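The values are calculated or read from the model by the stated rules, or taken from the named source; none is laboratory data. None of these values were measured; they are calculated from a predicted model. Note that we place each Cβ from the backbone using ideal geometry, even for glycine, and neighbour counts take in every protein chain shown. In case anyone asks, the SASA skips ligands and DNA or RNA and just uses the protein heavy atoms, side chains included. Shrake-Rupley method; radii C 1.70, N 1.55, O 1.52, S 1.80 Å.
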Amino acid sequence: IQDGDGNALTSTHIGNHIYQIDKVQPRTLSIRRQNPLSESTNLAAVVYRVTFSEPVYNVSAANFYLYGTEGQNSAAIQDVQYASSTEVDVTVNTVAGGDGHLRLYLHAVGGIIDEAGNGLVGGYYGGESFYVDRSLPAVLSILRNNPTEEIVQETSLTFRVNFSEDVSNVSLSNFALT
C-alpha cells in the first residue's frame, strides 16, 4: 500500500470497531388482554398489550385499527404507551350503555421500525378480544308462579322475576310487598 508520493505503508492498524449487520425485520408476536385479563368486562376503558419480536420504535395509535360490534362499534383508542422496548399497551375507551365485542388489529403500514431501521413485517389480525357489557340489567316482568290465580287463600305465594340478562346477588332484601 502506497500513498500518492510512493511512500509505502510501514505499519498496520487493527481497528477496535465491531459492526453488526441487522437485516431481520421485527414481527408482532401477540395482541393480548392486559386489563382486565378476563374476556368479559364492564369497564369504561380496557388495555391490550402488543408484543413484538424485538425492540421497536414509532408505534402510535395510527398503526392500529379497532373493530367493535353492536354497541361497541364507536369505541376509540385513547392512548398508546410503551410498557417495555418490546411491548406496547393500547388503551381503548368503551362505549357507555353499549354491549359488544372489541378486537384490536395492527395495520400492515410503515412507520414501526427496529434499531437498525428495518420495518415491521406485515400486520397482525389475530389476538384476544373483549366482550364489553355496559348495559344495566332490568326487570322485564314479575309474574305469579304458584298459584297463578289472582285471588287465593294460600298462605304462601311464589313469584317469578324475569331479568333482561343473567344477574347475581339477588336476595329477599331486593323486594318489598305492597
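Numbers at a glance
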{"read-out": "Cα-based equivalent ellipsoid, the stretch 81-159: semi-axes from gyration tensor eigenvalues, Å", "value": "57, 11, 10"}
{"read-out": "Environment charge of TYR48, counting only residues whose C-beta is closer than 14 Å and scoring Lys/Arg +1, Asp/Glu -1", "value": "-1"}
{"read-out": "For the stretch 66-121, the Rg and Dmax computed from alpha carbons only, in angstrom", "value": "14.3, 46"}
{"read-out": "Listed residues ALA76, ALA62, ALA138, most fluctuating in the chain (Gaussian network, C-alpha, under 10 Å)", "value": "ALA138"}
{"read-out": "Top of ALA75, ALA96, ALA116 by mean-square fluctuation, Gaussian network on the chain, Cα under 10 Å", "value": "ALA116"}
{"read-out": "Fraction of accessible area attributable to carbon and sulfur, the chain (%, probe 1.4 Å)", "value": "50 percent"}
{"read-out": "Amide hydrogen neighbours beyond the local backbone of ALA45, cut-off 5 Å, H modeled", "value": "THR94"}
{"read-out": "Normalised contact order of the chain, rounded percent, pairs of Cα under 8 Å and 6 or more residues apart", "value": "21 percent"}
{"read-out": "Which of THR148, THR41, THR178, THR155 is most accessible, then next, and so on - probe 1.4 Å", "value": "THR178, THR155, THR148, THR41"}
{"read-out": "Per-selection Rg to Rh, the stretch 1-123 - Cα, Kirkwood hydrodynamic radius", "value": "1.35"}
{"read-out": "Length-normalised contact order of the stretch 59-110 in % [C-alpha pairs under 8 Å, at least 6 apart]", "value": "46 percent"}
{"read-out": "Average accessible surface area per residue within the chain, 1.4 Å rolling probe, Å²", "value": "69 Å²"}
{"read-out": "Within-15-Å neighbourhood charge of SER135 [Cβ basis; K, R +1; D, E -1]", "value": "-4"}
